[in-house]
Amino acid sequence: MSKKKYVVLGGGGSFGLHTSQYLLDHADAEKVIAVGRNLPKLDCFTLGIGEKDPRYQYHAIHINYELDLLMELLDKEKPEIIINFAAQGEGAASWRKSWRFFETNCVALSKLTEELMSRDYLERFIHIGTSEMYGSVDHPTNEEEPIKPSSPYAASKVAFDMYLLSVSKFLKFPMNIIRPSNAYGPGQQLHRVVPKTILCGLLGEQLPLQGGGRAEKSYIHNRDLARAILMVAEKAPLGTVYNVGPKEPTSIRKVVELCAEALNLPFEKLCVMTEDRLGQDSRYWLDSTAIKKAIGWEPAISWQQGLQEMVEWANTHLEVLKALPREFSLRA
């Protein structure tokens, strides 16, 4: 089997970086080309990924405003596999300036897809969706679950999923959709609950625990997500949609308790209770039976292993991390 070129859109973020590294380590790739909207970030976020590997490239191209430059790069490199993480994220922030979420998550990506339809080098486009599109549930949701987005962010992600399903069915666009649970890992932005909690613990600060941490979400490590992506790229039938998550959800309170254990701190010392946020869903819970049956994927990295990596990462970069903002900042 000939080696392939991979492009990772949204390749400057934590998920994209870990996926690029996983491809370099396990895909026998000819080249892995990451594309992000920013110039490379600080070392504490980029983790040195790809620095010593001649197969790796990073390009700063904004998918909203520089589609022409992106297509020039793609037409030059002719990647067989494109993996899309590019998105305007953070559901809690999407109640204001909601149009920015649709601008990226729907309009920019549909423009890109239309361009790609005429490129015969593309073998597979793997889009990373979201478990938030199912809304709050009381049972594990499979891929046929009715769609119930409960934020503008989730609605914007739903819209592109529906678009991809239609062009796959009627125009034979070669795509797959992965709907993952919340992923975490070293290098993640500090407004996310796991890195934020770890950093608070190392600095002797208290985490504001919204709603007492009652909300339940499903979590996987970044490398487990990356492994699912590569398995889909290599084995999955085109046109299929897969949930990717653990068997059981975990409450935010339990996540903080696990972080406290990893830090050897009392739970009560690590957090303080605050009011819940607007539009907080009570439970995200995925049924990932389909991907296990189809290609054999299931999560392999335990909370204990994953959180130990987070503590080591935060300790290594503590002097830099402690000076950085920990709140989400909305950008185009």
- Query: Mind checking which pairs have a first residue in the range 292-305 that is farther than 14 Å from G245 by Cα and a second that is assigned to a loop (DSSP other than H, G, I, E, B), Cβ under 8 Å, 6 or more apart or different chains?
  - Reply: A294/A236; A294/P237; A294/T240; I295/A236
- Within the bounds of the range 150-164, is there any residue that is touching a Ser or Thr at 6+ places or on another chain (Cβ under 9 Å), in a loop (DSSP other than H, G, I, E, B) and open to solvent by 10 Å² or more (accessible area, probe 1.4 Å)? yes
- Looking at this structure, is F45 surrounded by fewer than 21 Cβ atoms within 10 Å (Cβ to Cβ), touching a residue at least 40 places away in the same chain (Cβ under 8 Å), in a helix (DSSP H, G or I) and of a type outside the set (D, E, K, R)? no
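Being of a type in the set (D, E), open to solvent by 10 Å² or more (accessible area, probe 1.4 Å) and at pLDDT below 95 narrows it down to one of E216, E234, E298, E261, so name that one.
The unique qualifying residue is E216.
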- Selection count where residues are crowded, with 23+ Cβ neighbours inside 10 Å and either over 13 Å from the mean Cα position of the chain (by Cα) or not hydroxyl-bearing (S, T, Y) (or both), scope the range 11-32: 9
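In the range 267-290, what residues are farther than 29 Å from W95 by Cβ and either open to solvent by 80 Å² or more (accessible area, probe 1.4 Å) or at pLDDT 95 or above (or both)? Write out each step before concluding.
As a first pass, look at the range 267-290 and keep what is farther than 29 Å from W95 by Cβ: 267-269, 288-290.
Passing the criteria: E268, K269, S288, T289, A290.
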- Task: Could you please give the count of residues in the range 97-122 that are aromatic (F, W, Y), over 16 Å from H62 (Cα atoms) and open to solvent by 50 Å² or more (accessible area, probe 1.4 Å)?
- Result: 1
- Flagged pairs (Cβ under 6 angstrom, 6 or more apart or on separate chains; first in the range 140-168, at pLDDT 95 or above; second open to solvent by 50 Å² or more (accessible area, probe 1.4 Å) and assigned to a helix (DSSP H, G or I)) are S156/F102
- Working carefully through the options R119, R179, find the one that is touching a residue at least 12 places away in the same chain (Cβ under 8 Å), part of a strand (DSSP E or B) and either out of contact with any helix residue (DSSP H, G or I) (no Cβ under 6 Å at 6 or more places or on another chain) or farther than 17 Å from V7 by Cα (or both). R179
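Kindly indicate whether K293 is at pLDDT below 95, in a helix (DSSP H, G or I) and surrounded by fewer than 17 Cβ atoms within 10 Å (Cβ to Cβ).
no
The values are calculated or read from the model by the stated rules, or taken from the named source; none is laboratory data. Bear in mind the structure is a predicted one, so any value in this text is a computation, not a measurement. No Cβ is skipped: glycine too gets one built from the backbone with ideal geometry, and neighbour counts run over all protein chains shown. Calculation scope for accessible area: heavy atoms of the full protein, side chains included, ligands and nucleic acids excluded. Shrake-Rupley method; radii C 1.70, N 1.55, O 1.52, S 1.80 Å.
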